[in-house]
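The values are calculated or read from the model by the stated rules, or taken from the named source; none is laboratory data. Here the structure is a predicted model, which is why all the values come from computation and not from measurement. Ideal geometry is used to build each Cβ from the backbone, glycine not excepted, and the neighbour counts take in all protein chains shown. In case anyone asks, the SASA skips ligands and DNA or RNA and just uses the protein heavy atoms, side chains included. Shrake-Rupley method; radii C 1.70, N 1.55, O 1.52, S 1.80 Å.
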Amino acid sequence: MRGKKINEVFKNAESFIHFSAPGRINIIGEHTDYNNGYILPATINHYINLAIRKNNTNSLRAYSQEFPGMHIYEYPLKKICPEDGWVKYLKAVLFTLQKEVNFTDFPGLDVYVTGDIPVGAGLSSSAALEVVFLFALNELFNLQLEPIKMAFLAQEAENDFVGVKCGIMDQFISIMGKENHAIFLDIRTMNYRYIPLYLNDYVFVLIDTSVSHSLANSEYNIRRQECEEGLKILQNCLGLDFKSISEVKLKNINRFKEKFPSNIYKRVLYVAEENLRVQEMINALRKESFNQVGQLLYNSHNGLKYLYEVSCPELDLIVDYLKASEGVVGARMMGGGFGGCVLALLEKNNVNKIFSLIKDKYSVVFHKSPRLFPVTITSGIAKETNYKT
Ligand code: GLA
């Protein structure tokens, strides 16, 4: 359902300022961010666009073209409730920012949102909405916040007010993404490096299972707790100097295998192996060694399926079919899991052929259609100066 355009909703729409923030893929390094490990995400050509202005009232008025209906809240804003729908992300950002900059309340605001990042597909539409709103507020109130600081504030909004204990990946990449590059980020130090993506005759595509990752939030928080439990065990064995699982070598994890409950051992093992895969992926991409790139994608999928246990039958089936198809370099489930998308590296010329075979097989088993999104690697958040109302 699509609702009204900005100038059909708000008068004098030319007085808004506009920002847009992209969604992301993550080439490899899944569930490693909140374990202080390595990630390799990139921004894609799907965006959340947000327009904002002060409205000289005592209210926040928010409208989304994709979820039509005006939301009006008088200040002081009350805490997040189910009726807020998508506006919960705006409220979460406002609450976080109020604490950060000591505002009692913001002046009244008109906010208009539209976008094409599919919701629930694991492409970070919520992180994009949080960062785009923060950047817009930063500009409107001249808050002079640094970009990385805003990534952390957006994460805090999601952790403390939305209630998902996500890591920093999605907010960071939506801000820092660069055209035709992925970012290698070491979360422990926050050092990062842009990795050029020369893919020759290949292209990354997303295949959306059309399964909304509804389990993801609760299971996601459980995985975090399990990793914290794993860390405590490792600290007992190795000392308190270790602040995250990612600092512990694989051989030490295996040395103390019998100290872990079996599910915790699997989680910890997965994280250590996935961190190694991120480093190997960077080398494989640099050498344009696509066989190795593909193998790393499949290995990551297996880890997520058997050790971290965040996959689902729909994701597994797509990966299995792809593995058996010609013209496929590699594939894996992407993001938090339990639905969302498979990321696949395919021969450019064969994308449609491969997808149509997958689509038919998938529809027979699951009685619904997957969706194909070819992706272009774009830049992070930007102010839009030529926006047409
Ligand atoms: C979600 C979270 C990220 C990250 C991924 C899994 O997208 O928001 O912080 O943990 O899942 O890699």
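Largest GNM mean-square fluctuation among E326, E309, E228, using the chain with Cα springs under 10 Å: E326. Among residues other than K361 with Cβ under 12 Å from its Cβ, the summed charge is -2 (Lys and Arg +1, Asp and Glu -1). Taking a straight line from the alpha carbon of K5, these aspartates and glutamates sit under 20 Å away, with near neighbours fewer than eight places off in the same chain left out: E14, E66, D110, D116, E384. Taking 25 Å as R0, compute the FRET efficiency from the Cβ-Cβ separation of N200 and L250 and round it to 0.05. The value I calculate is 0.20. Expressed as a whole percent, the accessible surface of the chain that belongs to carbon and sulfur atoms is 48, based on a 1.4 Å probe. Have a look at H31, H71, H46 and tell me which one the Gaussian network model of the chain (Cα, springs below 10 Å) gives the largest fluctuation. Among H31, H71, H46, the largest GNM mean-square fluctuation belongs to H71.
Full extension of the segment from K99 to K368, taken as 0.36 nm per residue of separation minus the current Cα-Cα distance, would add 92.3 nm.
Within straight-line reach of K78, meaning a Cα separation under 22 Å, sit the following lysines at least 8 residues removed in sequence or on another chain: K54, K88, K91, K99, K165. The aspartates and glutamates within cross-link reach of K359, meaning a Cα-to-Cα straight distance under 19 Å and a gap of 8 or more places when in the same chain, are D208, E314, D316, D320, E326, E347.
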